[in-house]
Every structure is written in C-alpha cells, then in structure tokens.
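Novice: The structure's right below; bear with me while I get my questions together.
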Amino acid sequence: MSAVAQAPARAAAAATPRRDRRAALTLALPALIVLVFLYALPLARLLSLSLHDDAGFSLEAYGRILGDAYGRSLVWNSLRLGLITTAITLVFGYPAAFGLAMSRGALRSLFLASLFLPLAASVIAKAFAWTILLRSHGAVNDALLLLHITDKPIRMIFTQTSLIVGAANIFLPFMILPIYAVVAQIDPRLTEAAATLGAPPIMAFLRVVVPLSLPGVVAGVALVFSLSVSAYVVPTLLMGENYQTLASAIAKAFLLVRDPALGSAAGAILMAIGLLVVVVSNRLGRASGRSA
Amino acid sequence: MKGKTFRFFTIAVMMGATLFLLAPLAIIAAASFSPTPVFDLPVGGASLRWYAAVGSLDGFWPALSLSLQIALLSTALSLVLGTLAGIAIARGAMPGAQAFSAALASPLMMPGLVLGIALLQFFRAVGLGHVWTSLLLAHVVVTLPFVARTMIAALSRFDFTLLDAARTLGCSFPAALVRVMAPALAPAYLTAGLFAFLASMDNYPVSIFLTDARTKTLPIKMLQYIEESPDPSIAALSTLILLATLALLLLADRAVGLHRLAGLAE
C-alpha cells in the first residue's frame, strides 16, 4: 500500500477511541493466534528447513530439484497441469458463467446444482469415476465401439488426456462460480446505454461487459491455477506413476523415502508459486476493479 | 453477435458444462448397483449387495466417526473464531483490518500438501504426537478461510446500530444478540458452516501427513480402498456420501437459496 493510501486510514485509526481498538484486537486475537501458530510459523519453519542440511545453511535440496532433468520435470509437470487446466476451464467456464447468469427458473436450479453437487462430492470419488469411464472397457470406449467410431478400445486411462479431462472436470466449478458472481451483478442497462450511444452489440460486449467481468476472471484463474498446480489426488489416480509432479514428490519424500529436506524444498517451491499467485491476482484484481 | 444468439450460445455452453460435471457422479451412482464385482453398468439387473458391503469395509466405521468428529468440531471452532474476527474487522476499529482479512482467506490458496508437511514438521518440533488433536488443529486452519470470508462479508453488511436500537427498546445485550443478530446472520452461518464442514470431510492432502496406521480419516481410507481392492462398494460408499451432501444442499437451498449460496461462496 502506498503512503498516500495509508494516510487517511491512519487518521481514521487515530480517531477511533483506543478502547474500541483494544476491544477489536481482543475479538480478533483467537483467529490471530491460529494464523500465527498454526499457519505462518509452520510455513516459515518449512521454508527454513528447506534451506538447511545437517551442517547448516544449504541450498542443496533446491539444487537437487532445479539442478537435474528429473527435478525440473517435476516443476514443469506441475506448471503444465496448472496452465492447461486453467486455460481449458477458462475457455469453457467464461461463456458458461454468462449462460448461468442469463438462465432462469428450473434451468438455473439445474445449473447451480451441477456446480454445487460435484463441488461437494469427494475429489477421490470423482477421480475414481473417471478411471471407470475411461478404462479400456469403460463407458466411453463401449460407446465408441458401439457407434463403430473405432474397432478396438482406445487407451485413455493413464494418458495425459485423461489427466486433463479429470482435472478440468474437478476444477471447472471454481472457474464458473467466481465469474458468475461478478457477471450476475453487471447492470444490463450498461449494455443498453452502449447500444443507445450507437455501439454495435459485439462492441458493447467487448468494451463494456468484458472489462467489468475481469475481476471474476482474475479470481477464477487464480483459484483454478493454485488448486490444479498442486493437485495430488487427480494425477495419482488418473496417471499413477507416469506423471510425477511437485505434489507427488512431496508426498513421496515424506511418506515413503523419508527425505524431509527434499520434500520441504519441493513444498517451498509450491508455496512460492502459491504466494506468487496470491500477490499477482491481488494486484490484477485491484487493477481490473479500478479500470472497470 | 445479437443478444438472442449470445444467450442461446452461452446457455448451451453451460448446459454442456452441466452434463460434463454431472457425468462422473452419474457413473458412480450407476456402478454402485453393479451386479458383479467389476464395474459393469447394471444393464442386466441391479443389485444392492455393494451397499450392504460398505459397512463391512475394513476400518470403515472408525474412519467415518473420526472424520465426522473432526469436521464438526473444526467447523464449530472456525465459526466462533471467524465470527469474532469478522466483528473486529467489520466494526472498523481494528488496525490493519484489510491485511488481516486477506491473511484469514489465504490458506485457501495454499497447496494442501504444503500446509500438511509444514504442520507435520511443526507438530513434531513442539512434541505434539497425538493424532486426533493434530488433525483437529490442522482442520481449523483448513476450515477457517471458508468461514472467515463469508462471515466478514455478512458482518460488513450487518447494521450494528440495530443492536443499540434493541437495547434502547429494553432488550438485554445477550437477548439482542440472539433475537436481532442471529436471525440476520443465519444464512451466512449456514453457508459458512456447510462449506467448512464439506472442506474438512473431503480433506486428503493435509490429513495424510497427520494420520498414522491405526487412525485414518474417511478420504484416506477411500483412496486406500481404491488402490488396494477396487470393487463397487467404493461406488456405493461414494453414492451414499453424495446423497448425504445432496440432502444438506437441499436443506441449504430451502433455508437460503442456492443462488445466494453461490454469491456468498465467492
């Protein structure tokens, strides 16, 4: 925050009676304690552990991840999963959010249920359902055989396509809902005003509606990217050992091979990606909110 | 693009998304009625045997009970913490209120596995080896952002002078809280509680590092069943969880309306 922006806030704080401020801090204290002791401190410790080996300060764990081809493939696989999933859910989720905002009555109830029900269902159950659907004798292949589109089952499970389909399926609601929350609040009179002023519909959409929807897009993209870049259950069930990510490396380092330094370093890299998303999306969110 | 074409196009895309989103749920439900131990769709005849088999899955009842305990308690704790913090932020007297509310929401963006290993190492360092307690503490961190976001938004809209008005009219302070504040905040509590509870019930990436061989939560048990011996009883179990969730959502829809849930959720 800039000094200029802080000045009025400080003036307001000074104007508030000290008693009120103390009461507010007392109310906030329990949550503050949880945040400091169960969140900030453990994460700070994780970071410091990743920078130490038995002898003291060391970047060795990071070197092991970023220094060799396998380690770099972990980072790249995580990023690629995040990027592709985000792109696909945005392409379909953006128009879908408008469809949701424009639907009424029973149709809207159906749409909302289709977003909430999977959101509330276990990720494990959904990923498992895709393994059933995409098996070589699963429903999708049976349908293709029946329609004579193919004459022998296509290998779908444990391929990157199955991973992307599963990830897009699980994270799509996280893209649609934030965009919908913003789009539903756009005043329809704005596009009418643009039309009255002579703007062709496509122009009114691109110049009025799209900029207004950007805060929702930023929120959706940030949420889907941060969830999918660190997804663990989806790649594990749909790709198995064939697709190693930072997330699977963390799990392996702590649960199988007992290499906490390596796991911490992988964790710290994921954490850095997560923090970057938070910072960038906050910036972009504020910028898009201002321009709109 | 004319308005009508646009409307038709976007609703068609949403319709496609609906089918895509519901497909895995439909498959799970269908497979749970499979008459054979493989995941045949029940074309020949349906069978309920896998529902009967759920109860005898190894370690199912303790896992369900543990998950419910942790989810209910962590949600309750988060609701208390989130409400208090929400009041502090909404009343505007709190220094650094904006940073605080951003911090409260931030565990939502933190990868679950990262939080899991961070808490694992932290609990080890302070000597907390009790699985149940460490799970509960961890799940408070998992559920708090869901609650904080909704409660801060709801409390910012709540007119606190109503409480003063109620007291002027002869209400005691606790009575004012119960009769004025509670009804106004009920939808927010329901939304926050629902999302927090579901987030805790479904959490895998944090819990996996804090459980041991004997004490496991339901999602961890489920992944284990799938990896060790996938049979349709997993599908039956998933369907039962889905039905329970559906019942919760219907209740929430009755009480607040799903579209408000959608607005409040974000």
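Novice: Inside the stretch B:147-173, can you point out the residues that are assigned to a helix (DSSP H, G or I) and of a type in the set (A, V, I, L, M)?
Specialist: If the condition is that a residue be assigned to a helix (DSSP H, G or I) and of a type in the set (A, V, I, L, M), then B:147, B:148, B:151, B:152, B:153, B:154, B:155, B:162, B:163, B:165, B:166 are the ones that fit.
Novice: Being more than 21 Å from residue A:126 (Cα to Cα) and either modelled with pLDDT of 75 or more or not in a helix (DSSP H, G or I) (or both) is the requirement here; does residue B:56 meet it?
Specialist: yes
Novice: Suppose we keep only residues that are surrounded by 23 or more Cβ atoms within 10 Å (Cβ to Cβ) and more than 8 Å from chain A (Cβ to nearest Cβ) within the stretch B:106-144. Which one would you say is farthest from residue B:216 (Cα to Cα)?
Specialist: Among them, the one singled out is B:143.
Novice: Scan B:243, B:169, B:237 and give me the residue that is under 28 Å from residue B:47 (Cβ atoms), surrounded by fewer than 20 Cβ atoms within 10 Å (Cβ to Cβ) and either of a type in the set (A, V, I, L, M, F, W, C) or at pLDDT 85 or above (or both).
Specialist: B:243
Novice: Residue check: is residue A:72 charged (D, E, K, R), modelled with pLDDT under 95, in a helix (DSSP H, G or I) and within 23 Å of residue A:166 (Cβ to Cβ)?
Specialist: Taking the combined requirement at face value, the residue does not satisfy it.
Novice: Taking the criterion of being under 30 Å from residue B:3 (Cβ atoms), facing chain B (nearest Cβ under 7 Å) and either of a type outside the set (Gly, Ala, Ser) or not in a helix (DSSP H, G or I) (or both), would at least one residue in the stretch A:80-90 satisfy it? Talk me through it step by step, then tell me what you get.
Specialist: At the first step, the residues of the stretch A:80-90 found to be under 30 Å from residue B:3 (Cβ atoms) are A:86-90.
With facing chain B (nearest Cβ under 7 Å) added as a condition, the list becomes none.
Within the stretch A:80-90, not a single residue is under 30 Å from residue B:3 (Cβ atoms), facing chain B (nearest Cβ under 7 Å) and either of a type outside the set (Gly, Ala, Ser) or not in a helix (DSSP H, G or I) (or both).
Novice: Then there is this: Would you pick out the residues in the stretch A:232-286 that are under 30 Å from residue A:213 (Cα atoms) and at the interface with chain B (Cβ under 9 Å from one of its Cβ atoms)?
Specialist: Matches in the stretch A:232-286: A:270, A:271, A:273, A:274, A:275, A:277, A:278, A:281, A:282.
Novice: I would also like to ask the following. Residues that are over 19 Å from residue A:122 (Cβ atoms), modelled with pLDDT of 85 or more, surrounded by 14 or more Cβ atoms within 10 Å (Cβ to Cβ) and hydrophobic (A, V, I, L, M, F, W, C): does the stretch B:16-29 have at least one?
Specialist: Yes, because at least one residue in the stretch B:16-29 is over 19 Å from residue A:122 (Cβ atoms), modelled with pLDDT of 85 or more, surrounded by 14 or more Cβ atoms within 10 Å (Cβ to Cβ) and hydrophobic (A, V, I, L, M, F, W, C).
Novice: Would you mind telling me which numbered condition in (1) within 12 Å of chain B (Cβ to nearest Cβ); (2) free of Cβ contacts under 8 Å to residues at least 12 places away in the same chain; (3) closer than 19 Å to residue A:167 by Cα residue A:105 fails?
Specialist: Result: residue A:105 fails condition (3) only.
Novice: Kindly list the number of the only condition in (1) charged (D, E, K, R); (2) in a helix (DSSP H, G or I); (3) more than 26 Å from residue A:134 (Cβ to Cβ) that fails for residue A:241.
Specialist: It is condition (3) that residue A:241 fails.
Novice: Here are the criteria: (1) under 19 Å from residue A:34 (Cβ atoms); (2) touching a Gly at 6+ places or on another chain (Cβ under 7 Å). Tell me which single one residue B:35 does not satisfy.
Specialist: In the conditions (1) under 19 Å from residue A:34 (Cβ atoms); (2) touching a Gly at 6+ places or on another chain (Cβ under 7 Å), residue B:35 misses (1) alone.
Novice: Across the stretch B:85-105, what is the number of residues that are part of a helix (DSSP H, G or I), within 9 Å of chain A (Cβ to nearest Cβ) and surrounded by fewer than 18 Cβ atoms within 10 Å (Cβ to Cβ)?
Specialist: The total comes to 3.
Novice: Separate question: Conditions first: (1) within 13 Å of chain A (Cβ to nearest Cβ); (2) modelled with pLDDT of 90 or more. Residue B:75 passes all but one, so which condition is the exception?
Specialist: Condition (1) is where residue B:75 drops out.
Novice: Just to verify a result, which residue in the stretch B:45-84, among those that are of a type in the set (Ser, Thr, Tyr) and in contact (Cβ under 8 Å) with a residue 12 or more places away in the chain, is surrounded by the fewest Cβ atoms within 10 Å (Cβ to Cβ)?
Specialist: This residue is B:47.
Novice: Could you please find all residues in the stretch A:42-69 being among the charged types (D, E, K, R) and modelled with pLDDT of 80 or more? Steps first, answer last, please.
Specialist: Residues of the stretch A:42-69 that are among the charged types (D, E, K, R), as a first pass: A:45, A:53-54, A:60, A:64, A:68.
Hits for the stretch A:42-69 are A:45, A:68.
Novice: Here's a check for you: in the stretch B:204-220, which residue that is surrounded by 22 or more Cβ atoms within 10 Å (Cβ to Cβ) and part of a helix (DSSP H, G or I) is farthest from the other protein chains (Cβ to nearest Cβ)?
Specialist: By that ranking, first place goes to B:207.
Novice: Follow-up. Failed condition for residue A:231, given (1) of a type outside the set (Ser, Thr, Tyr); (2) closer than 18 Å to residue A:73 by Cα; (3) without any contact (Cβ under 8 Å) to a residue 60 or more places away in the chain, with all others met?
Specialist: (3)
Novice: Residues B:192, B:154, B:175: which one is away from chain A (no Cβ under 14 Å) and touching a residue at least 60 places away in the same chain (Cβ under 8 Å)? Step through it out loud before you land on a result.
Specialist: Working: B:192 fails: away from chain A (no Cβ under 14 Å); B:175 fails: touching a residue at least 60 places away in the same chain (Cβ under 8 Å).
The unique qualifying residue is B:154.
The values are calculated or read from the model by the stated rules, or taken from the named source; none is laboratory data. All values derive from a computational prediction rather than experimental measurement. Cβ atoms come from the backbone with ideal geometry, glycine included; neighbour counts cover every protein chain shown.
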